[in-house]
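Below: the structure, in structure tokens.
The values are calculated or read from the model by the stated rules, or taken from the named source; none is laboratory data. Everything numeric in this text was worked out from a predicted model, so none of it was measured. Note: ideal-geometry Cβ built from the backbone for every residue, glycine included; neighbour counts use all protein chains shown.
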Amino acid sequence: MAHTITHWCDGKPFTGTSGNTAPVTNPASGQTTGQVALAGLEDARTVIQAAEAAFPSWRDTSLTRRTQIVFRFRELLNERKGELARIITAEHGKVLSDALGEVSRGQEVVEFACGMPHLLKGGMTENASTKVDVHSIRQPLGPVAIISPFNFPAMVPMWFFPLAIAAGNTVVLKPSEKDPSAALWMARLWAEAGLPPGVFNVLQGDKTAVDELLENRAIKAVSFVGSTPVAQHVYATATAHGKRVQALGGAKNHMVVLPDADLGLAADAAINAGFGSAGERCMAISVLVAVGDIADALVEKIAERAASIRTGDGAQNSDMGPLVTRAHRDRVAAYVDAGEAEGAALVVDGRQITVEGARDGFWLGPTLLDHVTAEMSVYTDEIFGPVLSVVRTDSYDAALELINANPYGNGTAIFTNDGGAARRFQNEVEVGMVGINVPIPVPMAYYSFGGWKNSLFGDTHAHGTEGVQFFTRGKVVTTRWADPSHAGIELGFPQNA
Ligand code: NAD
């Protein structure tokens with residue numbers, strides 16, 4: 001029977017008063033498995049108030065104590081990550097090994113946040129002016145909002161909340177309504193780790209909940225991840241309400257293969273990065289740019305490999321799971337129809353795939369389109385499904401021009417054995433995360449994650465030192481203690497002496 005997926009407010013489940021819910025489905029069976037609460041305005045305000053009330057004492061809790069709790073959360077997460085992975089697979093559809101990988105990448109940020117005492121150390125200058133000392137400190141902002149997408153229900157929230165919490169902020173997480181249970185599971189884990197009530201809250205809902213987070217004066221900063229149109233709305237609205245914002249948007253990631261590359265390795269990489277998680281990754285490769293006369297051989301190798309991918313229930317023995325909802329599956333299939341109609345060559349067609357015993361799942365098999373051009377909708381739009389488009393170019397310069405003209409700039413990769421060409425690419429390409437013979441270059445937790453252009457609005461990226469910067473404000477203190485040498489009145493602007 002479908003269960004209710006509640007909010008989490010002030011250390012406990014909270015049903016809310018709106019009475020509105022939305023169905024949550026298992027994408028492999030097509031069955032409704034839960035009803036998620038959708039916050040009304042009053043519910044959103046109740047949850048925000050809990051975060052606001054918890055802030056003063058959490059800010060004043062010592063760094064040692066705060067990071068001990070983060071460390072305990074890490075230990076519990078590490079012990080039980082299998083449970084969380086199963087929840088992700090059941091609501092998102094990705095295969096279990098992929099769900100476990102997602103949790104592990106999130107856990108790395110928790111581990112980075114355990115070093116917060118070191119990361120928050122300020123600077124100190126003795127005797128900057130005669131007998132005057134200067135030091136800098138970084139302080140938390142207050143209650144902050146995290147609004148996350150469906151495709152990484154655990155990892156994306158973990159890009160932000162470990163740092164926000166360790167730095168002394170309180171959090172309201174608004175997960176995607178398509179797979180909301182992971183957030184609730186993590187809230188329970190925080191409670192078990194000893195986090196005081198109100199420091200980590202979950203607000204379930206849709207636009208109503210998001211818009212209240214963007215406008216409510218108690219919320220001091222917003223970390224958003226989702227599609228570009230919503231990221232633009234979030235950035236415009238929250239900054240207009242005086243908040244600090246980092247809004248990560250959509251993507252269209254190109255993988256360039258130069259003629260000297262090892263085509264077998266490049267084909268493996270294209271398969272993994274194009275079809276892993278059914279293409280529902282913001283760092284998925286959706287465009288393969290074949291340079292020179294290798295295109296036919298490369299397409300053939302990718303097609304051979306695509307035929308061996310087992311599409312099926314992520315909880316069973318399969319390589320690729322279903323898409324997240326039926327509507328999304330149909331939208332992706334419509335792009336394949338359009339690509340064909342616009343003149344692309346359909347090399348592998350995933351539209352007719354069936355999965356034994358799971359006829360109602362949201363299936364779409366790996367799909368490969370060749371001879372795609374920059375005008376076709378399969379190229380211009382973010383599809384977010386297992387559809388790999390091959391664009392053929394005759395030179396490195398044409399490949400670079402294509403990528404730099406694209407409005408997105410999240411991730412990209414180049415495959416080559418020529419170090420000089422790779423070095424030139426990393427220097428010239430207008431994209432935030434670059435892989436050299438690495439198709440999904442997701443930075444480690446101690447670096448920062450973020451794209452350029454329409455893939456990120458704001459000026460700080462997620463996690464790493466930029467994440468610490470985002471969740472804290474700087475303060476510089478200039479100190480002089482009474483000393484007879486400083487006596488006397490001086491109305492001029494302070495100058496160093
Ligand atoms: P989405 O934009 O539909 O939803 C993201 C969040 O915004 C959800 O919590 C949703 O409830 C909320 N939302 C949706 N519509 C809204 C509206 N009109 N007003 C206010 N809030 C709204 O994105 P999604 O489909 O859940 O996720 C996929 C998208 O996320 C893709 O575009 C993908 O590229 C992007 N993404 C980007 C990154 C990155 O790092 N740049 C990472 C993961 C996903």
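Before moving on, here are some points about what is shown:
- Region 352-369, subset under 28 Å from the mean Cα position of the chain (by Cα) and under 26 Å from ASP268 (Cβ atoms), residue surrounded by the fewest Cβ atoms within 10 Å (Cβ to Cβ): GLY365
- Residue that is farthest from PHE152 (Cα to Cα) [pool: residues in region 205-221 that are of a type in the set (Gly, Ala, Ser) and more than 8 Å from the ligand (Cβ to nearest atom)]: ALA218
- Answer from GLY314, GLY321, GLY292 - the residue that is more than 12 Å from the ligand (Cβ to nearest atom), surrounded by fewer than 24 Cβ atoms within 10 Å (Cβ to Cβ) and more than 21 Å from GLY432 (Cα to Cα): GLY292
- If the condition is being in contact with a helix residue (DSSP H, G or I) (Cβ under 7 Å, 6 or more places away or on another chain) and in a helix (DSSP H, G or I), then region 113-130 contributes ALA113, MET116, PRO117, LEU119.
- Put simply, of ARG80, ARG105 the only residue that is in the same structural domain as LYS243 (by TED's automatic domain parsing), basic (Lys, Arg) and away from the ligand (no atom under 15 Å from the Cβ) is ARG80.
- Failed criterion for GLY226 (all others in (1) surrounded by 24 or more Cβ atoms within 10 Å (Cβ to Cβ); (2) outside the structural domain of SER389 (by TED's automatic domain parsing) hold): (1)
- Answer residue from region 222-243, given it is among the hydrophobic types (A, V, I, L, M, F, W, C) and in contact with a helix residue (DSSP H, G or I) (Cβ under 7 Å, 6 or more places away or on another chain) and is nearest to the ligand (Cβ to nearest atom) among those: VAL225
- Filter result (not in a helix (DSSP H, G or I) and not small (Gly, Ala, Ser)) within region 300-312: ILE309, ARG310, THR311
- Selection status of VAL378, crowded, with 19+ Cβ neighbours inside 10 Å and free of Cβ contacts under 8 Å to residues at least 60 places away in the same chain: yes
- Residue in region 130-184 that is nearest to ASP211 (Cα to Cα), counting only those that are within 15 Å of the ligand (Cβ to nearest atom) and among the charged types (D, E, K, R): LYS174
- For region 125-158, the set of residues classified as among the hydrophobic types (A, V, I, L, M, F, W, C) and either touching an Asp or Glu at 6+ places or on another chain (Cβ under 7 Å) or within 22 Å of LYS81 (Cβ to Cβ) (or both) consists of ILE146, PHE150, PHE152, ALA154, MET155, VAL156, MET158, listed by residue number.
- ALA297 vs. criteria more than 23 Å from the chain's Cα centre (by Cα), over 15 Å from PRO386 (Cα atoms), assigned to a helix (DSSP H, G or I) and more than 16 Å from the ligand (Cβ to nearest atom): yes
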